[in-house]
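Encoded as structure tokens, the structure appears first; notes follow it.
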């Protein structure tokens, strides 16, 4: 092991990847409902698509998000009927969004700070995808595994991996 070879700081070991990279690995397509749809229809769509939240879109504009949490708090706990309640009555209107250039770490901070599980990704006023807390945690774990491998290589004197983007 060469002791006169300084090891680079973590920012050079692990690039702070943008969410765009994470989105490129996910299947394409958005799961949406309209504000005038019933909550029953929205929950049916969630069940069919196996997602925990839906974007609420009016034409091509994001106007809200509806999550299982919204359903539990606004329908179940209040004894309302999902067949008679419209999405716009219970959706979250103040949607936290990110640009595709935001880093994975920044997204994790937003998800944690706002106690949410879904982040719509918006570029030029259009929703281009959604990242979930699960997506972000998986990406962070991948980065940590790379860092561990790099540190092991450093300790054993092996050459570094090429971590530069293609």
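For the reader, a short list of remarks on this structure follows.
- The long axis of helix 39-49 is offset from the longest Cα principal axis of the chain by roughly 40 degrees.
- You can think of it this way: the chain between residue 115 and residue 44 has 23.1 nm of extra reach, that is 0.36 nm per residue less the Cα-Cα gap.
- Residues 44, 67 in ascending order of nearby Cβ atoms (within 10 Å, fewest first): 44, 67.
- Listed candidates (1) 131; (2) 109; (3) 139 - label of the one calculated as volume of the Cα convex hull per residue in Å³: (1)
- If you wrap the range 9-101 in the convex hull of its Cα atoms and look at it from every side, the mean projected area works out to 7.8 nm².
None of the figures in this text is laboratory data; all of them are computed from the coordinates on show. Owing to the predicted nature of the structure, the values given are computational and were not obtained by experimental measurement. Note: ideal-geometry Cβ built from the backbone for every residue, glycine included; neighbour counts use all protein chains shown.
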